[in-house]
1. Can you confirm whether the stretch 51-67 contains a residue that is in contact with a Gly (Cβ under 8 Å, 6 or more places away or on another chain) and more than 9 Å from the ligand (Cβ to nearest atom)?
2. Looking at the structure I just gave you, is residue 200 free of Cβ contacts under 8 Å to residues at least 24 places away in the same chain, surrounded by fewer than 18 Cβ atoms within 10 Å (Cβ to Cβ) and within 28 Å of residue 6 (Cβ to Cβ)?
3. Hand me the list of helices (runs of 4 or more DSSP H) wholly inside the stretch 22-86 holding 3 or more residues that are buried (at least 17 other Cβ atoms within 10 Å of the Cβ), over 20 Å from the mean Cα position of the chain (by Cα) and not acidic (Asp, Glu).
4. Taking the criterion of being away from the ligand (no atom under 16 Å from the Cβ), farther than 24 Å from residue 9 by Cα and in the same structural domain as residue 144 (by TED's automatic domain parsing), would at least one residue in the stretch 109-116 satisfy it?
5. Could you pull out the residue among 130, 150 that is within 14 Å of the chain's Cα centre (by Cα), surrounded by 21 or more Cβ atoms within 10 Å (Cβ to Cβ) and of a type in the set (A, V, I, L, M)?
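The values are calculated or read from the model by the stated rules, or taken from the named source; none is laboratory data. All values reported here derive from a predicted model rather than from experimental measurement. Quick reminder, even Gly has a Cβ in these numbers, built from the backbone with ideal geometry, and neighbours come from all protein chains shown.
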Amino acid sequence: MTLKLISFELCPFVQRSVITLLEKRMEYEITYLTMQELKNPPQWFRDISPFGKVPVLRVGDVTLFESAVIMEYIDEIQAPSLHPTDPLQRALNRAWMKFGEELLMSQYRYATAADEATSKQNRQEIESGLSRLETILGDGPLFNGSEFSLIDASYAPLFMRLEILEGRHSTGLYDNKPRVARWAAALRQRDTVKNSVIAGLAGKYIDYIAHASDYAGKLFANTEPAR
Ligand SMILES: N[C@@H](CCC(=O)N[C@@H](CS)C(=O)NCC(=O)O)C(=O)O
């Protein structure tokens with residue numbers, strides 16, 4: 001049965017599912033909603049998506065939602081597992097995956113902030129989060145060492161977007177965080193991560209940000225405020 005993923009081309013949560021599918025070398029179909037369709041979902045999407053968010057994964061007539069759950073499902077149906085075998089390590093990986101979701105939300109708010117205070121607050125949240133990760137990471141290069149794990153798929157979209165943002169407006173996010181910086185670099189260089197996004201992601205992402213708010217447009221896209 002072919003798995004069917006519903007996506008929005010810039011969505012980091014969908015990207016986590018795609019990386020997992022690519023790591024597992026599984027066949028899948030992907031359908032993209034436009035930004036307008038994500039804001040105002042067409043009836044066919046309303047019919048299958050319980051909360052109108054992407055990703056959803058169609059498995060026959062069943063709809064799975066929530067990216068972490070989709071990743072776990074994909075991991076369970078195709079061996080070998082990308083989770084550590086030790087239950088305690090697996091639980092810890094899941095806990096830090098949850099932490100990564102919060103960081104992804106801070107990153108989104110930072111990228112689209114409408115004013116300086118919101119921007120600074122969310123940048124600070126990201127920096128604190130990365131500092132926290134620095135204290136728990138080992139010798140790497142990946143989260144659990146040399147083996148790629150589900151948690152790596154989970155964080156790669158965050159690091160890819162931070163790279164784009166820092167490239168446009170450098171704030172030294174990785175300063176004094178060599179372990180996080182090494183982890184982020186290893187993930188960005190991985191083929192499954194590179195192949196998990198649409199062509200021209202950086203440009204389209206910056207374009208999206210520029211339309212999200214005048215402040216963010218000025219910060220990351222060097223555009224003048226509208227009016
Ligand atoms: N917790 C969800 C978050 C998914 C999410 O927020 N997706 C965004 C696109 S990146 C979305 O569908 N937004 C539309 C909306 O919130 O109505 C997950 O991990 O799957």
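1. Within the stretch 51-67 (the criterion being in contact with a Gly (Cβ under 8 Å, 6 or more places away or on another chain) and more than 9 Å from the ligand (Cβ to nearest atom)), the answer is no, since none of the residues qualifies.
2. Yes.
3. none
4. yes
5. That would be 150, the only listed residue that is within 14 Å of the chain's Cα centre (by Cα), surrounded by 21 or more Cβ atoms within 10 Å (Cβ to Cβ) and of a type in the set (A, V, I, L, M).
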